[in-house]
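Just so it is clear, none of the values below were taken in a lab; they were calculated from the coordinates. Note that the coordinates shown come from a computational prediction; the quantities given were computed from them, not determined experimentally. Cβ coordinates were reconstructed from backbone atoms using ideal geometry, including for glycine residues, and neighbour counts include every protein chain displayed.
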Amino acid sequence: MLFFSFFKTLVDQEVTVELKNDMEIKGVLKSVDQYLNLKLDNISCTNDVKYPHLNSVKNLFIRGSTVRYIHLNPNSVDCTLLQDASRRGPWFKPPSKGCPLAHTKLQCIIDRLNI
Amino acid sequence: MSAPNSRSISDGSSNAEDLYLEAYAFTTAAALVGSVDRKIFLLLRDGRNLFGVLRTFDQFANLVLQDTTERIYLDAEGSKSLEKPARFGETYRGVFMVRGENVVMMGAVDIDHEDEHLEVLQNIPFEAAEAELKAIQRERVQAEKQKTKSLLSRGLINDFTKSDLY
Amino acid sequence: MLPLYLLNSAKSQPILVELKNGETLNGLLTNCDSWMNLTLSEVIQTSPNAEVFTKIPEIYIRGSHIKYLRLPEQTMDYAKEQNMINMEQRNKNQNRRGGRPNNNSGNFNRRRNDNNRGGNYNNRRGNSSNYHQSHGAGDS
């Protein structure tokens, strides 16, 4: 769940997605879901000679399971916040009273990441 | 269901779409809502390129495409790689229903520009393209098998499966 | 209209199934469930390299092994029609139910209505299978 939240903070930033077939696609991250499926806008392929048919495609849905790496702009990652969030992961912190566990988990991260 | 020919209308409603997406935030399905009834490009894990109109989908990202064409891109004649397409073959396939797990990616195609890249490519019969592609893939599978063997013998494993050809 | 609903309305029609291993199966869809498990009849099985063809009278396919299905062109229209019919039927029933005072006799009538509906459904199914039989006869 932490990485899901992390990627949510990257929405509207430009990222480069490297697939397991060595394809690299640059685009603006528009949405992520819990499986880290991605939706990119305004895409361009770094190897557009090999995939000319992507020129007419503007937004792309990429299945999370086919992704190898996501290259990020270092400026868009708040490392201290991320470290903090991973240390303070919900599994270390007992849920506060009267609050459903699942909700606390997510809220904890979201508060940390300031989404 | 309307044909995806009215660009201005669909562009005008993109804001409403965004709202809808936000309401259903972060489910696989929501990401696809905006592409329904549009012409889309779909890449499968076995390397197939499909172009068709997305009609419906569900939470597993199972997709139904109508008026689908399958297209194979090949390099210049005699080349054994798939690096720089110079030829293509295509065939009409009709209604497709794809299981979500076999999808690599999909995106809406700009129908005004979709054929631009084909103009510089040579159109060849689909059967010929298919046969040639099969031969290339067979070689690739063979090579990967060899690689897996030698990796295994050194105690390293890679997870190439025969179905991953994209 | 979900993909699986569409598949349901393609019952008794010829479909093509490609499995993840590249094998293809051509046959009439006899049944399917919500996991996309299928049973086909009068199947022709084609090996991944398209070299071996086998005729199989009946086959069961586990949904998770499927790569994709190809359905007949008219499936979409047929499913849409079915959907419309169902909606109309539901609306009619709802209106009738809404118009009645909520007492015992109303309840009784409603139950009878439902029975009727079941009968209709069976009738329709009978008709459609007749249609397919005659259709098949016409083809041959």
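Observations on the model:
- Virtual spin-label span in nm between C:GLN89 and A:GLU18, 7 Å along Cα→Cβ: 5.6 nm
- Paramagnetic label reach from A:TYR35 (point 7 Å along Cα→Cβ; backbone nitrogen cut-off under 14 Å): within the range B:89-113, residues B:98-106.
- Between the range A:22-92 and the range C:1-52, the Cα center-to-center distance that results, in Å: 35 Å
- Peptide B:45-56 has a mean shielding of 3, counted as Cβ atoms of other protein chains within 10 Å of each residue's Cβ.
- Phi to ³J(HN,Hα) by Karplus 6.51 cos²θ - 1.76 cosθ + 1.60 over the range A:40-50, Hz, x for Gly, Pro: 10, 10, 6, 7, 9, 9, 5, 10, 7, 5, 7
- Listed residue pairs exceeding 31 Å between alpha carbons, taken from A:LYS26/C:LYS11; A:LYS8/B:LYS84; B:LYS39/C:LYS80; A:LYS50/B:LYS147: A:LYS26/C:LYS11; A:LYS8/B:LYS84
- The distance between label points at C:SER64 and B:TYR92 comes to 3.8 nm (points 7 Å beyond Cα on the Cα→Cβ vector).
- Each label point was placed 7 Å from the Cα along the Cα-to-Cβ direction; for B:SER150 and C:TYR5 their separation is 5.4 nm.
- Coupling constants for the range C:65-73 follow from the phi torsions by the Karplus curve (6.51 cos²θ - 1.76 cosθ + 1.60, θ = phi - 60°), and in residue order they are 8, 7, 8, 7, 10, 10, 10, x, 3 Hz; glycine and proline get x.
- Rg/Rh, computed from the Cα trace of the range B:38-160 with Rh as the Kirkwood radius, has the value 1.04.
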